[in-house]
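Enquirer: Just passing along the structure, written as structure tokens.
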Amino acid sequence: MANIKRSPWLLHYDGSSCNGCDIEVLACLTPVYDAERLGVMNTGDPMQADILLITGGVNAQNAPVVKQLYDQMPNPKVVVAVGVCACTGGVFKDCYNILGGADTVIPVDVYVPGCAARPQAIIDGIIQAVEIFQKRSDDYKVEEKARKSGKEVQVNG
Ligand code: SF4
């Protein structure tokens, strides 16, 4: 894992999950898997969050909530879809009440497969998210510095 300069805070949102994936997310916070050893802190406040971890598919009722949570998070930010429901809508994809996965309404950076997603896979997804977040933070700082100095800058990725 790349050198992490600060601890990203993570917001967990349950879309329309059956709770199977949420139980596995909670397992990641226990001492057995201990996601906090990666420097990640769990928060309930989107305005403090850097990583949005979403479970369950998107439906008409939760679509505006997912969008609002995403919009409330400061830039830079990273989204992780956990479980096939959040990735694609899963087995509920063609149901009348499911619009699809999280990327139906917001950009998703990391897709964690599984039904339910295993804690090891979720941790792997969080590590990927932390690396993406670090890269975006570095790019954001360069862009901010350039903006303040009035120069144009090309940032890749
Ligand atoms: S992927 Fe499986 S376990 Fe996870 S929310 Fe969907 S149905 Fe439940």
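Enquirer: Along the Cα-to-C-beta direction of Arg147, a point sits 7 Å from the Cα; which residues of the stretch 66-108 have their amide N less than 11 Å from that point?
Expert: The answer is 75-76, whose backbone nitrogens lie closer than 11 Å to the label point.
Enquirer: Specify the residue with the greatest mean-square fluctuation among Val110, Val142, Val79, computed from a Gaussian network of the chain linking alpha-carbon atoms under 10 Å apart.
Expert: Of the options given, Val142 has the highest mean-square fluctuation.
Enquirer: With unit charges on the beta carbon (Lys/Arg positive, Asp/Glu negative), name the residue among Thr30, Gly57, Gln72 whose Cα is farthest towards the positive pole of the charge dipole of the stretch 29-85.
Expert: Projecting each Cα onto the dipole axis, the largest value belongs to Gly57.
Enquirer: Rounded to the nearest 500, what is the chain's calculated 222 nm mean residue ellipticity when only DSSP H runs of at least 4 contribute -39500 (n - 2.57) each, over all residues?
Expert: -11500 deg cm²/dmol
Enquirer: Springs between alpha-carbon pairs under 10 angstrom, Gaussian network model over the chain: which of Val84, Val32, Val40 fluctuates most?
Expert: Per the Cα network of the chain with a 10 Å cutoff, Val32 tops the list.
Enquirer: Additional query: Out of every Cα-Cα pair in the stretch 9-149, what percent are more than 21 Å apart? Write down the numbers at each step before the final one.
Expert: Working: 3883 of 9870 pairs.
Percent of Cα pairs beyond 21 Å in the stretch 9-149: 39.
Enquirer: Using Cα pairs under 8 angstrom and six or more residues apart, how large is the relative contact order of the chain, in percent?
Expert: Numbers: 296 pairs, mean separation 38.8, N = 157.
Relative contact order here is 25 percent.
Enquirer: Follow-up. Suppose every Lys and Arg Cβ carries +1 and every Asp and Glu Cβ carries -1, with no other charges. What dipole size does the chain come out with about its Cα centre, to the nearest 20 debye?
Expert: That gives the chain a dipole magnitude of about 460 debye.
No value in this document is a laboratory result; all are computed from the given coordinates. A quick note: this is a predicted structure, and the numbers were derived from the prediction, not measured. Neighbour counts are summed over all protein chains in view; Cβ atoms, including those assigned to glycine, are modelled from backbone coordinates with ideal geometry.
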